[in-house]
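Undergrad: Let me begin by handing over the structure; questions about it come next.
Derivation of every value follows stated rules applied to the coordinates shown; laboratory data play no part. Treat the numbers as computed from the prediction; the structure is a model and nothing was measured. Note that we place each Cβ from the backbone using ideal geometry, even for glycine, and neighbour counts take in every protein chain shown.
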Amino acid sequence: MENKTLGIYLHIPFCLSKCGYCDFCSVAGSDKRTKNRYLSALSKNMTQISRQAEDYLVDSVFIGGGTPTVLPPQQLKKLIDDLYRAYFVVESAEFTVEANPATVSKKYAELLVASGVNRVSIGLQSADDGELRALGRIHSVKDFEESYHIFRSAGIENINVDLMYGIPGQTTESFLNTLKYAVSLGPEHISAYGLQLEPGTPFFEQKDTLALPDEDTEYSMYCYAEEYLQENGYEHYEISNYAKPGKRCRHNLKYWNCEPYLGFGASAHSDFGGWRYGYVADLKRYVDAVEAGGAGDRLCAERAVHTPSSFETDYVMLRLRLCDGIDKKIYEALFGRPFDSKYAERLRPFEAGGFVQNDETSCRLTTDGMYVSNTILSSILDF
Amino acid sequence: MNDNQKNIRNFSIIAHIDHGKSTLADRLLEATRTVSTRDMEEQVLDNMDLERERGITIKARAVKMSYTASDGETYTLNLIDTPGHVDFNYEVSRSLNACEGALLVVDATQGIEAQTLANAYLAIDADLEIVPVINKIDLPSAQVENVRREIEDVIGIPAEDCPAVSAKTGQNISQVLDAIVRDLPAPKGDPDAPLSCLIFDSYYDSYLGVVVYIRVKEGTLRDGDKILLMGTGARFEVVEVGVLEPFGLSHTGTLSAGEVGYLTASIKNVRDTRVGDTVTHAERPAAEPLPGFRAVQPMVYAGIYPADGARYGDLRDALEKLQLNDAALQYEPETSAALGFGFRCGFLGLLHMEIIEERLEREFNLDLITTAPSVIYEVVMSDGTVRYIDNPSNFPTADETKEAREPIVKASIITPSEYVGGIMDLCQDRRGVFFDMKYLDASRVELHYDLPLNEIIYDFFDALKSRTKGYASLDYDLKGYEPSKLVKLDFLLNGDQVDALSFIVHEEKAYARARKIAEKLKDNIPRQLFEVPIQAAIGSRIIARETVKAMRKDVLAKCYGGDITRKKKLLEKQKEGKKKMRKLGTVEVSPEAFMAVLRLDEE
């Protein structure tokens, strides 16, 4: 019998400082003791669950945050060793660690490579130091470039660079410069996210005083990214993601393909064994819950069982984030009815407006459609 | 006059808004121990929440008091409260006709205002004896002697010895009671004559049916009598008659000439008991009805729709219930392509309309979409027939009509003289025709204008207030219909006409209004997936245009760490929000945005 595959996500909720737009679960300035306790809980949490995943081969690992590389190298290495002890991570697995510029030495990078890390995701955000300051980033463009080369020379052959548009003070010209700069370094993967103002963040509170680019400018930035990156050999494969052929992020694809993944750490989400669940986002509560035995009702902030209809909604919602969209044969095999019997009529007005392409074999959002995908999805999906 | 009548005084209190009418009424109730101070809820007579909040009286009320005067005699004082707004002028006039006298309350700091005058004239028309009462003498800016002079000079009634009081503190209230007994006449009327009673108010009670407030002018009414309402022709058998105590009805079994009280007769609907109608005995009717009865006609119309189309039935039930108590409210079903099923409602005026809207929202928990208010237009068609248009979308095209006419009111504005210029500009802007201007004293002026009603139903009060720091006051009366160059202004969204946005406007003002509404539409219509052209048109002629740019961005850019649930919840919420949207053609607009467009706050 063919073994089932699994993705694993580990959340490191620590940063050197918190950026003004960030609503992820991360805290700045935690002391050593807090970090130690959290890391022990994280390892314990992994181990507690591992028996349920005995039949799975782990083919993607993603250590994200926060900034995983704020941890001392040995601590991160221990976490990875604990992971290997608890799960069967295959040789060919994609193993990503997120890193912020100026947090990694040559030695650190070599240690990561030696531990099996083969992909690094670095947050550049902008090639303009003024824009970086506006975002509250604590690194410069030069810091980024140094880190990039450190990873390259340590042997990382798969690098993602995170970019951002819609930054306060940003212009289409400066964004184009950022794109050019990123491409000139030749990473395998580029993510370009539109800045999102999330309630509870300082940016959200100040949104009226931030010099944010207007909706039309932001849209043209999105178009620039798509055009420029494609011209330079990056395939646009998801709303915010571009990759050289063969370099799409396997781990993130699991989210969009509704494949199983386990997340560990505060605020981590999982889709496993017919359930979707998310852990509490509070560090202390997470640690306490794990130490108390890891019972689901204390550990989980939310939990829902997949029903056939919720699964179908998830599938369509997530697959339409991908440029490949929905393969109608696969859809029919999964859900036992033709895609068009449910969606053709609902999609018609969006097709007419050039937001959707719905042909014989597949259905996908166009570039314009992706950028208004909430409008389209909220209109066609049943919840 | 019999002994019984000798000791009765029937009176109203009339005043400009905020001059202290209801507060004075409260003090009279206290002073006569009709209501103990402990039980005194502020302003007993205004017992609707809305009335207390707005500081206005919407419905007439009446209450019986007992007062032992300095002559040792005990008097029955029937206070008949009147609505305090121009929308309800007819009701005021009927209430006054139920009395022999009136207290004219004038604020010692403000002096005579437009409604002081209007109400005083109504009282004089009704042959009432008027006792001026100068109120708010406790305020440092009170100018009692000036106001006395003003009352004598402007209204022409003696005020030298009139009571000067503070209704707030109770100062000199006994002087008012003494003046009522001394200066107001006792009622007349023969208890044995054929019955005639004036209806001055009624309300629906779910146990008793309609409770009718009456003043017996002639004859005697008893429990069990068979009665005829002479205006509507309706017949009933009286269940009970009695008097009006402050906290309820008090059954007495009989009411005779000169008395004020109530009757019940298992009446199902207030439409049968119109204010101003005459109650008489079916067997031995009065020779003729009391003068002045007319069916009230709505002056202002608007479409009212439920924000949630599924609540049409609830809206209908609510209107039905409100109409039980409000004969002036009219409604009939109407369908709008844009807003779905709703009702075209007729109101006495804009205040009446606001009150109904507020009551529907508060008491029946409805969210409403209301179209811009409109007046009734008279249109002479090409074939000579006359049509009355209460809904702008039914306004015929220019080539179908010979002439259009609009209602004109005679408006009286009283203002400190420094604001005259600003008011003249305003009236000019509202197509007013200047009639005359009189100095009430060295610093105050009364202006008379003829104004088209459709120019004052939107925001005239607000504009007047803002130009005069709140000092000017307004009163108006319908004068009649006059020919006018009216056009129907339509709005098109994405090429589709939106019927609910159409309105009638004078040709000269069409362009400015069109631009203004088009701009408002642009600002309030959320971006759609496609660009939305907004056009304002008279017939096929486009006179203004704007564009709502296409929505560019509505995306959750990141979907981090596999948190699918959050994204799903966001979309679900968005879908919920969309259900409340109204489709105006191909354009989706929230009820809030629609209302924002129709809110005509000038300047």
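Undergrad: What percentages make up the Cα-Cα pair-distance distribution of region A:308-380 when the bins are 5 Å wide from 0?
TA: 3, 17, 32, 29, 14, 4, 0
Undergrad: Would you mind calculating the gained length between residue B:428 and residue B:496 on full extension (0.36 nm times residue separation, minus the Cα-Cα distance), in nm to one decimal?
TA: Roughly 21.0 nm would be gained on extension.
Undergrad: Based on alpha-carbon atoms only, what is the radius of gyration of region A:4-255 relative to the globular estimate 2.2 N^0.38 Å?
TA: 1.02
Undergrad: If you plug each phi of region B:571-587 into the Karplus form 6.51 cos²θ - 1.76 cosθ + 1.60 with θ = phi - 60°, what whole-Hz ³J(HN,Hα) values come out, in order, with x for Gly and Pro?
TA: Values, residue by residue: 5, 4, 5, 4, 5, 4, x, 5, 4, 7, 5, 9, 8, 9, x, 9, 9 Hz.
Undergrad: Pairs B:64/B:188; A:44/A:77; B:488/B:549: which are spaced more than 21 Å apart, C-alpha to C-alpha?
TA: Exceeds cut-off: B:488/B:549.
Undergrad: Right, here's the next one. How much length would be gained if the chain were fully extended between residue A:85 and residue A:305, taking 0.36 nm per residue of separation minus their Cα-Cα distance, in nm to one decimal?
TA: 76.3 nm
Undergrad: Take the alpha-carbon positions of chain B, form their convex hull, and give its projected area averaged over all directions (one quarter of the hull surface) in nm².
TA: In nm², the orientation-averaged hull projection of chain B is 32.7.
Undergrad: OK, next. Counting only residues 5 or more places away or on other chains, whose amide H sits under 5 Å from the amide H of residue B:590 once H atoms are built in the peptide plane?
TA: Close amide H contacts, sequence-distant or interchain: B:582.
Undergrad: When Lys and Arg each count +1 and Asp and Glu each count -1, what net charge do the other residues less than 9 Å away from residue A:278, Cβ to Cβ, add up to?
TA: Residues near residue A:278 contribute +1 overall.
Undergrad: Scan around residue B:258 for amide H atoms under 5 Å from its own, H built in the peptide plane at 1.01 Å from N, and keep only partners 5 or more places away or cross-chain.
TA: Counting only residues 5 or more places away or on other chains, the set is B:216, B:217.
Undergrad: Contact order normalised by length for chain B, with contacts defined as Cα pairs under 8 Å and 6 or more residues apart; what percent is it?
TA: It rounds to 9 percent for chain B.
Undergrad: At 7 Å along the Cα-to-beta-carbon direction for both residue B:125 and residue A:36, put a label point, then send me their distance in nm to one decimal.
TA: A separation of 9.3 nm, rounded to one decimal place.
Undergrad: Provide the per-residue ³J(HN,Hα) series for region A:320-333, in order, calculated from phi with Karplus coefficients 6.51, -1.76, 1.60 and θ = phi - 60°, each as a whole number of Hz, with x at glycine and proline positions.
TA: My calculation for region A:320-333 gives 6, 6, 8, 5, 6, x, 10, 7, 5, 5, 5, 4, 5, 5 Hz in order.
Undergrad: Same structure, new question: My understanding is that a pair violates if its Cα-Cα distance is over 30 Å; which of A:244/B:579; A:35/B:575; A:142/A:247; A:106/A:180 do that in this structure?
TA: Among A:244/B:579; A:35/B:575; A:142/A:247; A:106/A:180, the Cα-Cα distance tops 30 Å for A:244/B:579; A:35/B:575.
Undergrad: What list of ³J(HN,Hα) values in whole Hz, one per residue of region A:209-221 in order, does the Karplus curve 6.51 cos²θ - 1.76 cosθ + 1.60 (θ = phi - 60°) give from phi, with Gly and Pro shown as x?
TA: 9, 6, 7, 7, x, 6, 4, 5, 5, 4, 4, 5, 5
Undergrad: Tell me the label-point distance for the pair residue A:298, residue A:78, using the 7 Å Cα-to-Cβ offset, in nm and rounded to one decimal.
TA: 2.3
Undergrad: Here's something else I'd like to know. Could you tell me the center-to-center distance, by alpha carbons, between region B:257-322 and region A:274-327 in angstrom?
TA: Comparing the Cα centres of region B:257-322 and region A:274-327, I get a distance of 62 Å.
Undergrad: Which FRET efficiency value, to the nearest 0.05, is calculated for residue B:363 and residue B:312 with the Förster distance at 22 angstrom and r the Cβ-Cβ distance?
TA: Plugging the Cβ-Cβ distance into 1/(1 + (r/R0)^6) gives 0.80.
Undergrad: Choose one of A:193, A:353, A:172: the residue whose Cα lies farthest towards the positive end of the charge dipole of the protein assembly as shown (beta-carbon charges +1 Lys, Arg; -1 Asp, Glu; about the Cα centre).
TA: A:193
Undergrad: Now a separate question. Quick one: if the Förster radius is 51 Å, what FRET efficiency do residue A:282 and residue B:320 give, using the C-beta to C-beta distance and rounding to 0.05?
TA: So, using R0 = 51 Å, E works out to roughly 0.40.
Undergrad: Under 15 Å from a point placed 7 Å out from the Cα of residue B:190 along the Cα-to-Cβ direction: which residues of region B:252-274 have their backbone N that close?
TA: B:257-258
Undergrad: Using the number of other C-beta atoms within 10 angstrom as an exposure proxy, rank B:382, B:484 with the fewest first.
TA: Result, fewest neighbours first: B:382, B:484.
Undergrad: I want to make sure I understand the PRE zone here: with the label point 7 angstrom from the Cα of residue A:47 toward its beta carbon, which residues in region A:294-310 have backbone N atoms less than 14 Å away?
TA: So the set is A:294.
Undergrad: May I ask you to list the residues of region B:144-164 whose amide nitrogen lies under 17 Å from a point 7 Å from Cα along the Cα→beta-carbon direction of residue B:442?
TA: B:144-151, B:153-154
Undergrad: Taking N as the number of residues in the protein assembly as shown, what is its Cα Rg relative to 2.2 N^0.38 Å?
TA: Here the answer is 1.29, to two decimals.
Undergrad: Starting with the highest mean, order A:292-299, A:43-50 by the number of other Cβ atoms within 10 Å, averaged over the residues of each peptide.
TA: In descending order of packing, they fall as A:43-50, A:292-299.
Undergrad: Another question, then. Roughly how many nanometres apart are two label points built 7 Å out from the Cα toward the Cβ at residue A:345 and residue A:105?
TA: That separation, rounded to one decimal, is 6.7 nm.
Undergrad: Neighbour counts of other C-beta atoms within 10 Å: give me B:475, B:523 arranged from fewest to most.
TA: B:523, B:475
Undergrad: Quick one: angle between helix B:114-125 and the longest Cα principal axis of chain B, in degrees between 0 and 90, rounded to 10, please.
TA: Value to nearest ten degrees: 50.
Undergrad: Moving on. Dipole size in debye (nearest 20) for chain B around its Cα centre, Lys and Arg Cβ +1, Asp and Glu Cβ -1?
TA: 2800
Undergrad: While we're looking at this one, here's another question. Whole Å is fine, so just give me how far the alpha carbon centre of region B:331-360 lies from that of region B:134-148.
TA: Each part reduced to its Cα centre gives a spacing of 42 Å.
Undergrad: What does the convex hull of the Cα atoms of region B:80-175 come to per residue, in Å³, rounded to a whole number?
TA: 97
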